[in-house]
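Structure first, then comments.
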Amino acid sequence: MKTIPHKIYLSENEMPRQYYNLRADMPKKPAPMLHPKTLKPVVAADLTPVFCKELVRQELDDTTRYFNIPREIRDFYKIFRPSPLIRAYGLENELNTPAKIYYKFEGNNTSGSHKLNSAAAQVYYARAEGVAALTTETGAGQWGTALAEACAHFGMPLTVYMVQGSYEQKPFRKTIMRTFGAEIIASPSNTTNIGREMLKKFPGTSGSLGCAISEAVEKAVSSENTRYVLGSVLNQVLLHQSIIGLEAEAAFNKIGDYPDVIVGCAGGGSNLGGLIAPFMRDKLLGRKDIDIVAVEPKSCPSLTRGQFTYDFCDTGHLTPLAKMYTLGSEFIPARDHAGGLRYHGMSPIVSQLYADGQLRAEAYKQTEVFEAATLFARVEQILPAPESAHAIKGAIEIAKKCRDNNQSKTILFGLSGTGNFDLSAYEQFQNGKMVDIIPTDADIARSLKTLPKV
Ligand SMILES: *Cc1c(COP(=O)(O)O)cnc(C)c1O
């Protein structure tokens, strides 16, 4: 029997030199973003006050297949990439499944997730264009940490609006961001108009990602030569994250295998969109028949219970409207521990593919997700991020079906990060104090009422 190594690495020479733009091969392109006031499709001039020029170009380009990765970004990637493709022998054994399970592990950097891939690119382009400072928001803290890390590398000042709830719950995240030189402000704050408004309207609020985005955008457009950067949802972010899928594809080529099923967790859709990019291309071009599954939390079910329509990306309605699966921009999910999955919307690329039946979606409760996370940690020796554990749960369910039906499928899932900063969530789960809060139909209908009329 041919033995397959535990980890399949690429050499530095084998690392991708270009990002792949999946939009170029989509028969139905994602709908254009609309200007929040005029409701006309946005043009580059609308976006340049917010994003730097190269990122605007990438955001709006749905025809160019490949974008060269500048040498400076590739050199930075070499510090923490390629990420390994790991054969989950331990999990296969535990589940007694004939399926072959692989995962692509993105947690091997201090920020602990895939987010550093896009942070590196966004900071580099801003630096190259002479932008003086960046602002952003962070929910659970992973994006802010990744960005702070990239800003330290490329020498860029950074202000992070951190959702108040996480600011209190995750003090260590603040400490790392400050170590990398970032300034952290709890959101809502009194440093912006929208922040002051929210504080007046909802005193004592724990904040939301949508509100923190509004504050970071407001701060960027009202400060000298400052731009805003976002860690998910946007087309440019999925473009940068294609590095995950391209590396996985190269690794599978090396061992002569190819996934039948791909599973990823979906918050804003960037790690999933990046992981599936080259495989989805093969599917769209009719070369392969792959089952692609997005897994989301039942507490924030944008694909499985949301509506496919134009919506605001933020609470303050400063950002363009995107056509996506959404729960409404005023949807505030329960304080679930999968912080990175608590966004009301979904990447327009992932949304369009879902609407076209090219991928399917599942939702799980956080307690069952933590059960999967615990099982995985014990047999694979990696403590998964709660977000990533949704993909683990999805993959386990598929591997169990393979066992019941005696099918030896090749399953690939994205292990988007580590849970080293989520120990209070693990503790709650272990103490039996974790609860599953699932929005009612009435809750969702209420927030969908605030959808803009387009
Ligand atoms: C942020 C985050 C996610 C969710 O974001 P996507 O854009 O959907 O990928 C998933 N996993 C981890 C570890 C994260 O930090």
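Overall, the stretch 253-310 carries a charge dipole of about 140 debye about its Cα centre when +1 sits on the Cβ of Lys and Arg and -1 on the Cβ of Asp and Glu, all other atoms neutral. With θ taken as phi - 60° and the Karplus curve 6.51 cos²θ - 1.76 cosθ + 1.60 applied, the whole-hertz 3J(HN,Hα) list for the stretch 214-221 is 4, 5, 5, 5, 4, 4, 5, 6 Hz, x standing for glycine and proline. On a 32 Å Cα-Cα criterion, which of the cross-link pairs LYS283/LYS433; LYS78/LYS433; LYS298/LYS323 come out too long? From LYS283/LYS433; LYS78/LYS433; LYS298/LYS323, over 32 Å: LYS283/LYS433; LYS78/LYS433.
Let me make sure I get this right: for the stretch 25-88, a, b and c are the square roots of the gyration tensor eigenvalues over alpha carbons, sorted descending. Under 1.5 in a/c it's rounded, otherwise prolate if a/b > b/c, else oblate. Which is it?
prolate
Bridging of LYS219 to aspartates and glutamates at a Cα separation below 20 Å is possible for ASP46, GLU129, GLU137, GLU183, GLU197, ASP314, once same-chain residues fewer than 8 apart are set aside. Using the Cβ-Cβ distance between GLU224 and THR450 with R0 set to 35 Å, the FRET efficiency from 1/(1 + (r/R0)^6) comes to roughly 0.55. When the residues ASP289, ASP443, ASP25, ASP404 are ordered by accessible surface, computed with a 1.4 Å probe over the protein chains alone, the sequence from largest down reads ASP289, ASP404, ASP443, ASP25.
Taking the Cα centre of the chain as the origin, how large is its charge dipole in debye, to the nearest 20, when only Lys and Arg (+1) and Asp and Glu (-1) carry charge on their Cβ atoms?
So the dipole magnitude of the chain works out to roughly 320 debye.
Using the 1.4 Å probe convention, the accessible area of the chain works out to 38 Å² per residue with neighbouring protein chains retained. Apply the a/c threshold of 1.5 to the C-alpha gyration tensor of the chain and tell me whether it is rounded, prolate or oblate. Here the chain falls in the rounded category. Rounded to the nearest angstrom and listed largest first, the equivalent-ellipsoid semi-axes of the stretch 88-218 from its Cα gyration tensor are 32, 21, 12.
For the stretch 53-158, the Cα-based Rg and Dmax, in that order, read 17.1, 55 Å.
Using a 1.4 Å probe over the heavy atoms of the protein chains, calculate the carbon and sulfur portion of the accessible area of the chain as a whole percent. On the chain, the fraction of accessible area on carbon and sulfur atoms equals 49 percent. Applying 1/(1 + (r/R0)^6) with R0 = 30 Å to the Cβ-Cβ distance of THR179 and HIS6, what FRET efficiency is obtained, to the nearest 0.05? Plugging the Cβ-Cβ distance into 1/(1 + (r/R0)^6) gives 0.40.
Taking the DSSP bridge list for the chain and keeping only pairs wholly inside it, about 35 percent are antiparallel. Does the stretch 378-433 classify as rounded, prolate or oblate by the C-alpha gyration tensor (a ≥ b ≥ c root eigenvalues; a/c under 1.5 gives rounded; else a/b over b/c gives prolate, otherwise oblate)? Prolate, because a/c is 1.5 or more and a/b exceeds b/c.
The values are calculated or read from the model by the stated rules, or taken from the named source; none is laboratory data. Computed from a prediction, not measured in an experiment: that's the story for all the values here. Note: ideal-geometry Cβ built from the backbone for every residue, glycine included; neighbour counts use all protein chains shown. Keep in mind that these areas ignore ligands, DNA and RNA; they rest on the heavy atoms of the full protein, side chains included. Shrake-Rupley method; radii C 1.70, N 1.55, O 1.52, S 1.80 Å.
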